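In what follows, a single structure is set out as structure tokens and then discussed.
The values are calculated or read from the model by the stated rules, or taken from the named source; none is laboratory data. Please read these numbers as outputs of a predicted model, since none were measured by experiment. We place every Cβ from the backbone using ideal geometry, glycine too, and count neighbours over all the protein chains shown. With ligands, DNA and RNA removed, areas are computed over all heavy atoms of the protein, side chains included. Shrake-Rupley method; radii C 1.70, N 1.55, O 1.52, S 1.80 Å.
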Amino acid sequence: MNKTSSWENFQQHYLELPELGFSLDTSLMNVPDVLPNSVEKLFQRAFQQMQDLEVGSIANPDENRMVGHYWLRYPELAPSAEIKNLVSSTVENIQQFAQEIHQKKLRPQKADSFRNVLLLGIGGSALAPQFMQNALASESDCMQFYFLDNTDPDGIDQVMSELGDKLNSTLALVISKSGGTKETRNAMLEVRHLYEKSALDFSRHAVAVTGEKSQLDQLAERENWLRRFPMWDWVGGRTSVFSAVGMLPAALQGLDIKKILHGAKVMDELTRRKDVAKNPAAVLAWMWHHAGAGRGEKAMVMLPYKDRLLLFSRYLQQLVMESLGKEKDLEGKTVHQGLSVYGNKGSTDQHAFVQQLREGPADFFVTFIEVLKDRKNVGIEVEPGITSGDYLQGFMLGTSSALFQNGRPSLTITLDEINPQSLGALIALFERAVGLYASLIGINAYHQPGVEAGKRAAGDVIELSLKIQFLLKSRPEQQYTAASLAEILEDTAKTVTIFKLLEHLAANGRVQKISSDSPFSAEFKANP
Ligand code: PA5
């Protein structure tokens, strides 16, 4: 029998979470009705590890750290009274600060009130706040949001020109757990320069969210910024949304952060269930394990059929791929684990990459997200008896069924509606699924050696660029090819990098380029 039409199969693989207005349909994933014994055993170990993590074990052994994001929405769970108080008082301080801003008790230097927020951060310090702000935006938002999440000068100029003359009523939130991430530091320096150009004292418009005594923290303290909010070493960047990283922007937007935290807390209760079939995060982890044979052989395509959830795929891409994409397992064996995530939104993607999903390589499974409530107010009918929302659902159901007919599995998460509570719950669901899945495959989900390596590699390139510029300036009459410069710098292994650095410097008018017949014999010299 065609499984899409099997009511029995659906009932077997449908999990309802009435506490949160959620449900999970895995009937199109082709999993057995009963969890295989071997997987059940892995889960029992995963549940035990999760329990240990929640009571404060060193669950991130490489960095010798506890992993405490679950305490952020349930401080009573924290392993010490000190952490519990820190978490609770930070929530209170965030609410208090947002209130002072909204009620104009805290005012900018040269305007009546703060009306805009410019958030500077990257990765875990930007993706979730961006996603949440976008997903819950409404006409009753207290402040207008802008984001800088890169060191791209043109990108910075674009955002800053959008802000235009509103800088005097703009609060700059600089978010960096480590307080030393160059993209964020650069954006901060660029923004600060613009405040100063407008005769505004940056420190009277700036707030830092960062680890204690980080470079950023010290700067903010030294310059007496408006406020500093803490980040703790037991919270990872990509799981920091329920700390000040996500809750401060949310409170400034005017959202009820207690509702967001409550949604996450309720989801946590449901995802602590030891019965896999009743635990939504365990069900997700099982699906990932089943689809990719525990080796990430299939990508997860995220297709929320809701514009507000557009940024969810990007947020999830980081949460999943930075957590699970690991060379070594916990025993040090080379495993090259991961779970690729990509996606955007439906039905838009049906006019883009869904063509390949339907007919190309069957190297993926889809996670559909459906939201039952179409819109705030009643809309028109686009055909008799049919609304735009009916079409949205129709496209989703039609696509999941067509994919299934063609041997492509999918699962569907259904939310009654998008609100602060359901968003908190959705994020918490995936945070837990990632943690459980990491245990199933035996890796550390809470470190990111690849990200750190990327940060170091850029540092070496910057150093080389400085050497080149110094050399050219110290011999202003001379001109050099990339190869001759590499010889002088005694770094011939880096000739390609030197070539690219020179091209970039020349394109920005910082050195002169004397072109030649061949790109490789072009010469470069210092500007006069
Ligand atoms: O999840 C992570 O740890 C990373 O993606 C970080 O969030 C990212 O590198 C930004 O780091 P920081 O917050 O220290 O600036």
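Restricting the first member to the range 500-519 and to residues that are more than 15 Å from I468 (Cα to Cα), and the second to residues that are among the polar types (S, T, N, Q) and surrounded by 10 or more Cβ atoms within 10 Å (Cβ to Cβ), the beta-carbon pairs closer than 7 Å and six or more apart or on different chains are I514/Q479.
One residue alone among A506, A445, A428, A486 is open to solvent by less than 40 Å² (accessible area, probe 1.4 Å), part of a helix (DSSP H, G or I) and within 30 Å of K259 (Cβ to Cβ), and that residue is A428. Number of residues in the range 64-80 that are within 25 Å of the chain's Cα centre (by Cα) and open to solvent by 60 Å² or more (accessible area, probe 1.4 Å) equals 3. Among the residues making up the range 314-352, those that are under 17 Å from S400 (Cα atoms) and without any contact (Cβ under 8 Å) to a residue 24 or more places away in the chain are T348, H351, A352. Would you mind stating whether R314 is among the basic types (K, R) and within 10 Å of the chain's Cα centre (by Cα)? Here the answer is yes, as R314 does meet what is asked. Of the strands (runs of 3 or more DSSP E) entirely within the range 326-387, those holding at least 1 residues that are touching a strand residue (DSSP E or B) at 6+ places or on another chain (Cβ under 8 Å) and closer than 30 Å to E139 by Cβ occupy 341-343, 364-371. Of all residue pairs spaced 6 or more apart or on separate chains, those with beta-carbon atoms under 6 Å, a first member in the range 161-190 that is without any contact (Cβ under 8 Å) to a residue 60 or more places away in the chain and under 16 Å from N116 (Cβ atoms) and a second member that is more than 8 Å from the ligand (Cβ to nearest atom) and in a loop (DSSP other than H, G, I, E, B) are L167/S198; A172/H205.
Within the range 57-79, the set of residues being free of Cβ contacts under 8 Å to residues at least 24 places away in the same chain and of a type outside the set (A, V, I, L, M, F, W, C) comprises S57, N64, P75, E76. Here the range 232-291 is the region considered, the condition is being in contact with a His (Cβ under 8 Å, 6 or more places away or on another chain) and open to solvent by 20 Å² or more (accessible area, probe 1.4 Å), and the residue that is farthest from the ligand (Cβ to nearest atom) is G254.
If I ask for residues that are hydrophobic (A, V, I, L, M, F, W, C) and within 16 Å of the ligand (Cβ to nearest atom), which ones from the range 119-165 would you list?
Listed by number, the residues that qualify are L119, L120, I122, A126, L127, A128, F131, M132, F147, L148.
Listed conditions (1) away from the ligand (no atom under 16 Å from the Cβ); (2) closer than 27 Å to I257 by Cβ are all met by L216, apart from (1). Taken together, V191, V207, V235 contain a single residue that is of a type in the set (A, V, I, L, M, F, W, C), over 20 Å from the mean Cα position of the chain (by Cα) and closer than 17 Å to V91 by Cβ, which is V207.
Which residue out of G407, G424 is small (G, A, S), farther than 20 Å from V39 by Cα and in contact (Cβ under 8 Å) with a residue 60 or more places away in the chain?
Values: G407 fails: in contact (Cβ under 8 Å) with a residue 60 or more places away in the chain.
Answer to the selection: G424.
May I ask you to list the residues in the range 213-223 that are touching a Lys or Arg at 6+ places or on another chain (Cβ under 9 Å) and either free of Cβ contacts under 8 Å to residues at least 24 places away in the same chain or open to solvent by less than 100 Å² (accessible area, probe 1.4 Å) (or both)?
Step one: list which residues in the range 213-223 are touching a Lys or Arg at 6+ places or on another chain (Cβ under 9 Å), which gives 214-217, 220-221.
Hits for the range 213-223 are S214, L216, D217, A220, E221.
Under the condition of being open to solvent by less than 70 Å² (accessible area, probe 1.4 Å) and free of Cβ contacts under 8 Å to residues at least 12 places away in the same chain, the residues counted in the range 82-92 number 1.
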